[in-house]
1. Please work out which residue is modelled with the lowest pLDDT, limiting yourself to the stretch 229-238 and to residues that are farther than 15 Å from residue 136 by Cβ and over 10 Å from the mean Cα position of the chain (by Cα).
2. Condition (residue is more than 23 Å from residue 167 (Cα to Cα) and surrounded by 15 or more Cβ atoms within 10 Å (Cβ to Cβ)) applied to the stretch 58-66: is it met by at least one residue?
3. Please tell me if residue 273 is modelled with pLDDT under 85, more than 12 Å from the chain's Cα centre (by Cα), over 19 Å from residue 376 (Cα atoms) and buried (at least 19 other Cβ atoms within 10 Å of the Cβ).
4. Give 94, 75 a once-over and let me know the one that is in contact with a strand residue (DSSP E or B) (Cβ under 9 Å, 6 or more places away or on another chain) and surrounded by 20 or more Cβ atoms within 10 Å (Cβ to Cβ).
5. Looking only at the stretch 270-316, count how many residues are assigned to a helix (DSSP H, G or I), within 23 Å of residue 220 (Cβ to Cβ) and in contact (Cβ under 8 Å) with a residue 12 or more places away in the chain.
6. Would you check which residues across the stretch 121-147 are assigned to a helix (DSSP H, G or I), farther than 16 Å from residue 69 by Cβ and more than 14 Å from the chain's Cα centre (by Cα) and list them?
7. Do we have residue 385 as surrounded by 15 or more Cβ atoms within 10 Å (Cβ to Cβ), outside any loop (DSSP other than H, G, I, E, B) and either modelled with pLDDT of 85 or more or in the same structural domain as residue 228 (by TED's automatic domain parsing) (or both) here?
8. Restricting attention to the stretch 181-228, and to residues there that are in contact with a strand residue (DSSP E or B) (Cβ under 8 Å, 6 or more places away or on another chain) and farther than 28 Å from residue 17 by Cβ, which single residue is modelled with the highest pLDDT?
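The values are calculated or read from the model by the stated rules, or taken from the named source; none is laboratory data. All values reported here derive from a predicted model rather than from experimental measurement. In this analysis, Cβ positions are derived from the backbone assuming ideal geometry, glycine residues included, and neighbour counts consider all displayed protein chains.
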């Protein structure tokens with residue numbers, strides 16, 4: 001464990017230390033406690049992990065061990081004609097303080113949508129705060145702290161369509177992208193992890209992290225249970241990036257749709273309904289793979305929802321959404337006064353094929369649109385668009401970008417068809 005040669009115990013915050021020590025048992029003197037949890041060594045010298053978690057100002061000794069949060073105007077850094085940053089903040093302090101500030105800065109740069117709850121309203125950010133916290137905390141705790149990397153901060157880049165959290169240092173301890181979600185905690189910085197587990201989120205009393213190897217699973221679950229796109233992960237030899245996709249109005253629409261059913265449902269039931277709404281007829285095993293629920297629990301809940309005429313079992317273990325008045329292949333109509341897409345027009349008298357072609361041809365610049373975006377613009381159902389798109393691709397009218405079954409697959413007008 002690295003000793004911080006220029007620091008001594010006067011550089012540590014006594015309140016932070018006492019908060020951590022109050023959670024520990026089985027030790028006697030304070031000096032013993034401090035050494036057992038790696039705040040200091042047995043000679044009372046300040047250790048690296050102790051400074052980062054309980055220091056008065058750790059950046060006095062490590063100026064670049066910060067979280068750099070930047071909001072960008074488009075989908076890339078410094079796009080032509082755009083300001084360099086819409087917002088920029090260097091988050092300093094202890095690890096719990098940095099994490100808390102980084103989340104606050106990120107949330108103020110995300111859209112929020114109001115959902116009616118009883119007689120009041122609740123504002124929902126387009127990325128759940130608990131997902132942001134897990135991603136940022138993981139980046140700070142699992143980053144590489146070798147001296148070679150100490151000049152590199154953790155970065156949070158907020159783009160118009162996503163948030164990317166990147167930490168120095170690749171995957172560690174035999175972890176791969178394929179085994180990220182296996183529930184095994186492989187921590188590069190075990191002493192730091194133990195300290196942060198016992199440190200409080202500022203002003204809340206709650207632990208900063210839980211450290212049970214379930215962080216990736218939590219992020220995926222929290223996104224998918226809201227029928228939002230799950231995080232993407234990218235690893236290289238010297239960095240790791242988590243991409244959280246901004247949901248726009250989707251989160252608000254999903255919650256409004258649940259409320260429109262006129263029934264109070266549990267969180268799990270909401271997730272089941274939203275999954276059927278998003279993916280259409282689904283087998284119990286497909287739902288289990290998406291939501292990580294127990295198969296028997298899924299069956300029991302869907303059969304209970306079937307009694308309420310909200311879903312129907314069309315064959316063994318295959319369920320479809322049949323809520324009265326709701327087509328499971330479509331999304332609820334957005335308020336055109338506040339959420340109108342800039343390419344929207346009246347397409348009531350257009351076929352799905354004609355509507356798609358018109359959207360692309362009237363755009364002043366090349367655009368890439370997903371099926372859902374085309375549905376929002378044209379008002380056509382997803383099923384109608386999905387039937388029309390393959391023939392347009394076969395004729396060379398439009399070109400697909402992305403994997404065939406990816407939710408992020410998008411389409412552009414083929415160059416030869418531009419007017």
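1. Only one residue fits best here, namely 237.
2. Checked the stretch 58-66: no residue is more than 23 Å from residue 167 (Cα to Cα) and surrounded by 15 or more Cβ atoms within 10 Å (Cβ to Cβ).
3. Answer is yes for this residue.
4. 94
5. The total comes to 19.
6. Across the stretch 121-147, the qualifying residues are 141, 142, 147.
7. no
8. Across the stretch 181-228, the extreme among qualifying residues is 219.
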